[in-house]
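Working notes, beginning with the structure itself.
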Amino acid sequence: MRNSTRSQVDPFIVMDVMQAAAAAEAAGRHIIHMEVGQPGTGAPSGATKALTAAMGEGPLGYTVALGLPALRARIAQMYGEWYGVDLDPARVVITSGSSAGFILAFTALFDSGDRVGIGAPGYPSYRQILGALGMVPVDLPTAEANRFQPVPADFANMDLRGLMVASPANPTGTMLDRPVMSALIDACHGAGASFISDEIYHGIEYEKKAVTALEITDEAYVINSFSKYFSMTGWRVGWMVVPEDQVRVIERIAQNMFICAPHASQVAALSAMECSDELEANMDVYHANRALMLEGLPQAGFDRIAPPDGGFYVYADVSAITDDSRALAAEILEKAGVAVTPGLDFDPLRGHTTLRFSYARSTDDMREGLARLAAFMQGR
């Protein structure tokens, strides 16, 4: 059967690593998971209790395409609580995870052949979704001096129709401060390009609070998710905030592409937002794990790392060890029993000399993983 050229997307390498780790576990090995970007905890208990109650009250059919009004209102309230932003709930759109948000945003804003800038290293699915939709992803190699985040000079005179940023970023964990984000937004608006801000790791920050694009402008698309801070990856529920004149555009596309985000997940998400004690307990674990990683990785020999301001990743330059990060990741899995992600997922040009380590699992797992990595490096 013939396939479209749009279907020729690259594999998501971290999923291949997960599969290899699962095969090793099926063979009886104990694997420490530092490859996958998902919390080791489940949804907050209040979320599951609310869903159980809702299931007993009747069928959970379709919601409207924009999502449950109560959930949209609670998300808008959160922007006031977290950022001091007065947000109209009408601008909030509930999505099937952030992935659906990217598809909706790219479909609404860009035509086939449009060039969209993405920072490298960056989340690989931006590139693959853009390509599958017929757009042209333009990698913007970022500099260590700029904390691996794009700056306006990186895309000056490049005829971009849009710019996709992430803060905290995957894989680096670095964040955009207000002046840098403002400069990026101004540069986009000056060039007639759309600005999209991926904020799915907001809430998972350490020394300072992340800045939302909505503090600076209403003329941006913001994409977020219940997967990370709210610990609900498998529930596939997230949200977008879009300018007022874009709501109906997104609604029409969502009606036809997705109908709605899962009703059950929306019910659970609404109650998850009231479970601050559990969510902050998760943050205590991330704080402890981050401290362990920042001490243990350099001691093991991974000493060139990006400053992880937020999220739960450490991105390491391993050019002194290898020029084939995929082979090194496979060797670490085979010999140390630790699953890590090759940088090629995030940076096609330079990722052959980088690895990403996730510290989203338990603190005991992080201690064991670091001990195994240290032993592995000593034995090389």
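The values are calculated or read from the model by the stated rules, or taken from the named source; none is laboratory data. Keep in mind it's a predicted model, so treat the numbers as computed, not measured. Cβ atoms come from the backbone with ideal geometry, glycine included; neighbour counts cover every protein chain shown.
Structural remarks
- For region 98-111, the count of residues that are surrounded by fewer than 18 Cβ atoms within 10 Å (Cβ to Cβ) and under 23 Å from His202 (Cα atoms) is at least one.
- Single residue of region 337-355 satisfying the filter (of a type in the set (S, T, N, Q) and in contact (Cβ under 8 Å) with a residue 40 or more places away in the chain) that is surrounded by the fewest Cβ atoms within 10 Å (Cβ to Cβ): Thr354
- Members of region 187-212 found to be over 20 Å from Met283 (Cβ atoms) and touching a Pro at 6+ places or on another chain (Cβ under 8 Å), listed by number: Ala187
- Region 1-13 - residue that is in contact with a helix residue (DSSP H, G or I) (Cβ under 6 Å, 6 or more places away or on another chain) and outside any loop (DSSP other than H, G, I, E, B) and, of those, surrounded by the fewest Cβ atoms within 10 Å (Cβ to Cβ): Arg6
- Within region 14-36, one or more residues are of a type outside the set (Asp, Glu), surrounded by 17 or more Cβ atoms within 10 Å (Cβ to Cβ) and within 18 Å of Ser225 (Cα to Cα).
- Exactly one residue among Glu295, Glu334, Glu368 is surrounded by fewer than 22 Cβ atoms within 10 Å (Cβ to Cβ) and touching a His at 6+ places or on another chain (Cβ under 9 Å), and that residue is Glu368.
- Test: residue in region 161-171 that is more than 30 Å from Thr5 (Cβ to Cβ) and touching a strand residue (DSSP E or B) at 6+ places or on another chain (Cβ under 8 Å): yes
- Condition met for Ala70 (of a type in the set (A, V, I, L, M, F, W, C) and either within 30 Å of Tyr315 (Cα to Cα) or not assigned by TED's automatic domain parsing to the domain that holds Val267 (or both)): no
- The set of residues in region 272-292 being over 14 Å from Met366 (Cα atoms), of a type in the set (D, E, K, R) and crowded, with 16+ Cβ neighbours inside 10 Å consists of Glu278 alone.
- The set of residues in region 231-249 being surrounded by fewer than 22 Cβ atoms within 10 Å (Cβ to Cβ), over 18 Å from Val267 (Cβ atoms) and in contact (Cβ under 8 Å) with a residue 60 or more places away in the chain consists of Pro243, Glu244, Gln246, Val247, Val249.
- From Pro168, Pro124, residue being closer than 18 Å to Ser99 by Cα and modelled with pLDDT under 95: Pro124
- Within region 213-230, the set of residues being surrounded by 23 or more Cβ atoms within 10 Å (Cβ to Cβ), closer than 28 Å to Gly46 by Cα and not aromatic (Phe, Trp, Tyr) comprises Val222, Ile223, Asn224, Ser225, Lys228.
- Test: residue in region 24-41 that is in a helix (DSSP H, G or I), at negative phi and touching a residue at least 12 places away in the same chain (Cβ under 8 Å): yes
- Take the conditions (1) buried (at least 24 other Cβ atoms within 10 Å of the Cβ); (2) free of Cβ contacts under 8 Å to residues at least 60 places away in the same chain; (3) out of contact with any strand residue (DSSP E or B) (no Cβ under 7 Å at 6 or more places or on another chain); Cys188 misses just one of them, which is (3).
- Among the residues making up region 212-241, a single one is of a type in the set (Asp, Glu) and outside any loop (DSSP other than H, G, I, E, B): Glu215.
- Test result for Ser197, in contact with a strand residue (DSSP E or B) (Cβ under 6 Å, 6 or more places away or on another chain) and either at pLDDT 95 or above or part of a loop (DSSP other than H, G, I, E, B) (or both): yes
- Region 298-318 - residue that is touching a Lys or Arg at 6+ places or on another chain (Cβ under 8 Å) and among the small types (Gly, Ala, Ser) and, of those, surrounded by the most Cβ atoms within 10 Å (Cβ to Cβ): Gly311
- Flag if Gly61 is in contact with a helix residue (DSSP H, G or I) (Cβ under 9 Å, 6 or more places away or on another chain), at pLDDT 95 or above and surrounded by fewer than 17 Cβ atoms within 10 Å (Cβ to Cβ): yes
- Matching residues, region 48-69, being in contact (Cβ under 8 Å) with a residue 60 or more places away in the chain and β-branched (Val, Ile, Thr): Thr48, Thr63, Val64
- Among residues of region 114-140 being part of a loop (DSSP other than H, G, I, E, B) and in contact with a Lys or Arg (Cβ under 9 Å, 6 or more places away or on another chain), the one that is nearest to Met15 (Cα to Cα) is Pro121.
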